[in-house]
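Quick notes on the structure that follows.
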Amino acid sequence: MCAAPLDQEPSIKGGPYSQGIYKVRKGEGCFGFVTVTDEGDNIAVSYSGRNNKNEEKISLKFTVPATNHVGHDT
């Protein structure tokens, strides 16, 4: 997950990206907002790519199982 700079002209770097890209328009600042929620048995992750008007332009949501790793407390 990555996002464009809010206050600078963006450029596309890296890739390919599994969810594609949103090409920022000239003068449009963008940022990424990530939410991670511990649901007990699962960890839910939500990414929202937004512009300077707080409009969502691209998103990704997924859930992974929360497992105990050897050597870590529960």
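The values are calculated or read from the model by the stated rules, or taken from the named source; none is laboratory data. It should be emphasised that the depicted structure is a prediction, and the values quoted were computed from it without experimental measurement. Here Cβ is always computed from backbone atoms with ideal geometry, including for glycine, and neighbour counts include all displayed protein chains. Calculation scope for accessible area: heavy atoms of the full protein, side chains included, ligands and nucleic acids excluded. Shrake-Rupley method; radii C 1.70, N 1.55, O 1.52, S 1.80 Å.
In the stretch 54-69, the residue that is farthest from the chain's Cα centre (by Cα) out of those that are open to solvent by less than 90 Å² (accessible area, probe 1.4 Å) and among the charged types (D, E, K, R) is E55. Restricting to the stretch 42-74, and then to whatever is out of contact with any strand residue (DSSP E or B) (no Cβ under 7 Å at 6 or more places or on another chain) and among the acidic types (D, E), can you tell me which residue is modelled with the highest pLDDT? Filtering first and then ranking leaves E55. Name the single residue that is least open to solvent (accessible area, probe 1.4 Å) among those in the stretch 19-53 being touching a residue at least 24 places away in the same chain (Cβ under 8 Å), within 16 Å of A66 (Cβ to Cβ) and in a strand (DSSP E or B). Taking the candidates together, the pick is N42.
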